[in-house]
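The values are calculated or read from the model by the stated rules, or taken from the named source; none is laboratory data. Please read these numbers as outputs of a predicted model, since none were measured by experiment. For neighbour counting, all protein chains shown are included, and Cβ atoms are generated from backbone atoms with ideal geometry for every residue, glycine included.
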Amino acid sequence: MTIETTATRTPETPVVASRLLAAGADADFTRHLACFGALDVAAAAPRLLAELEASGLTGRGGAGFAAWRKLAATVKAGDSSPRARPVVIGNGAEGEPLSRKDETLMTNAPHLVIDGLLAAGAAVGAGELYLYASEPALSAIQGAVAERADAAGIRIVAAADTFLSGQASAVVNAIETGRPVPRDAVGRLSASGLRGRPTLLHNVETLAHIGLIARYGAAWFRAAGTTTDPGTRLVTVAGDVPQPQVLEVHGGARIDAVLAAAGAEPDRISAVLVGGYHGAWLTADRLGAALSAEALAPHGAHPGAGILLALDRTRCAVQATAEIIDYLAGQSARQCGPCLFGLPALAASWRELATGAAPADAPHRTWTLADAVDGRGACAHPDGTARLSRSATRAFAADIEQHRHGRCLRAAH
Ligand code: SF4
């Protein structure tokens with residue numbers, strides 16, 4: 001199996017890449033080694049921080065922080081004493097209902113995730129390593145850990161099937177107390193995470209990239225993607241496409257090109273929700289944007305966990321938004337005011353808009369309610385829901401106006 005090492009992004013570069021999934025489906029340890037070669041963790045650990053900084057790798061779980069910064073903060077906070085020996089957690093919870101990328105990765109390339117976890121653990125001097133995995137990927141991860149002696153110390157914890165189970169403090173809480181809900185403490189996990197110890201928590205895709213960077217280095221990582229969005233990323237393409245699927249794409253790939261690679265007909269797509277349920281809607285005229293933090297920022301969007309939900313032009317965008325916000329309001333941990341009162345009110349307002357029963361000030365009301373919950377919770381759930389609501393109010397203003405008069409623009413198509 002050859003590994004892509006020299007691609008430089010040009011308009012002619014293929015959208016689809018093959019790095020993380022290069023060993024093929026359900027790769028066992030033998031096939032993994034044949035494809036990627038062995039990783040010398042002890043040799044890689046001392047230079048890992050510098051390689052990550054040079055690589056430009058950002059987290060693939062949603063927030064998109066620079067991977068090296070988290071690692072550096074954990075190193076700084078930790079020492080070898082029992083109370084300050086760091087912990088590393090691989091987060092594969094994937095609570096977002098649309099997302100399948102972490103499940104696909106852990107099922108097909110579990111050894112890359114383990115490599116990244118071992119390398120990161122060695123780099124920070126970790127005393128404990130955890131893999132927090134969703135149910136569909138659990139047996140693949142357990143089987144992979146059992147295949148290799150160097151993974152014997154990894155503890156596997158089953159993730160709850162809830163939207164918030166993958167939120168960083170909820171992961172720590174789940175491992176520590178069995179309750180997969182966010183903590184209301186605001187400190188950084190790198191300083192005080194699991195049982196108060198410095199904790200490095202990375203999404204499993206981030207760890208898999210670390211497993212490759214630890215082998216091949218930063219220059220190799222940057223040989224795919226663009227200068228500002230280096231490497232590759234896994235993308236879940238869902239919604240109105242012939243076959244919902246997970247693709248590995250080059251950094252900087254255009255959204256319309258990713259949709260086309262998934263078999264979608266661009267002319268039939270009216271809008272795409274970028275980044276998942278906490279993401280933002282982009283209408284069809286904006287789908288030439290790259291799926292990168294830099295390119296999406298002017299649109300109020302972010303790649304998030306690499307999710308694209310395509311909406312066919314015959315489907316009602318107002319109804320689709322109302323259903324998602326209803327779901328999000330029901331998924332809160334009900335610990336804070338914005339989730340107890342604000343999100344149900346926001347969901348009710350969107351239901352009114354969808355059914356055509358909304359008063360004239362309903363669009364303004366969704367703005368007011370979004371503003372009222374934004375930044376007021378112990379975690380970012382209200383903020384993400386507010387972001388989605390605002391983007392829908394902006395993107396679908398014409399649809400909303402028609403709904404208020406008992407009509408739906410999509411019914412004409
Ligand atoms: S903001 Fe909402 S989801 Fe987050 S901790 Fe508070 S109640 Fe739970």
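Brief remarks follow.
- Residues in segment 227-239 that are over 21 Å from GLY95 (Cα atoms) and buried (at least 20 other Cβ atoms within 10 Å of the Cβ): 4 in all.
- Contact annotation: residue pairs with Cβ atoms under 8 Å, 6 or more positions apart or on different chains, pairing a residue in segment 334-352 that is under 26 Å from ARG179 (Cβ atoms) with a partner that is within 13 Å of the ligand (Cβ to nearest atom) and among the hydroxyl-bearing types (Ser, Thr, Tyr), are CYS339/SER332; LEU340/SER332; LEU343/SER332; LEU343/THR385; LEU346/THR385.
- Qualifying residues in segment 163-174 (those that are among the hydrophobic types (A, V, I, L, M, F, W, C) and away from the ligand (no atom under 11 Å from the Cβ)) - the one farthest from the chain's Cα centre (by Cα): ALA174
- Yes/no for ALA23 being part of a loop (DSSP other than H, G, I, E, B), surrounded by 16 or more Cβ atoms within 10 Å (Cβ to Cβ), within 26 Å of the chain's Cα centre (by Cα) and modelled with pLDDT of 95 or more: yes
- Test for GLU323: is it more than 9 Å from the ligand (Cβ to nearest atom) and either assigned by TED's automatic domain parsing to the domain that holds ALA63 or at pLDDT 95 or above (or both): yes
- Residue ID - surrounded by the most Cβ atoms within 10 Å (Cβ to Cβ), chosen from residues in segment 63-79 that are in contact with a helix residue (DSSP H, G or I) (Cβ under 8 Å, 6 or more places away or on another chain) and of a type outside the set (A, V, I, L, M): THR74
- Residues in segment 175-199 that are within 16 Å of the ligand (Cβ to nearest atom) and either under 22 Å from GLY64 (Cα atoms) or crowded, with 22+ Cβ neighbours inside 10 Å (or both): 9 in all.
- The requirement of being in the same structural domain as GLU401 (by TED's automatic domain parsing), closer than 26 Å to GLY166 by Cβ and of a type in the set (Ser, Thr, Tyr) is not satisfied by TYR277.
- When the strands (runs of 3 or more DSSP E) confined to segment 239-326 are screened for residues that are touching a residue at least 40 places away in the same chain (Cβ under 8 Å) and farther than 20 Å from LEU353 by Cβ, those reaching at least 3 such residues are found at 245-250, 307-312.
- Strands (runs of 3 or more DSSP E) lying entirely in segment 94-205 (those with 2 or more residues that are in contact with a Phe, Trp or Tyr (Cβ under 9 Å, 6 or more places away or on another chain)): 154-158
- In segment 214-226, the qualifying residues are those that are assigned to a loop (DSSP other than H, G, I, E, B) and among the hydrophobic types (A, V, I, L, M, F, W, C), and the one that is surrounded by the fewest Cβ atoms within 10 Å (Cβ to Cβ) is ALA223.
- Yes/no for ALA133 being small (Gly, Ala, Ser), more than 16 Å from the ligand (Cβ to nearest atom), at pLDDT 95 or above and within 19 Å of the chain's Cα centre (by Cα): yes
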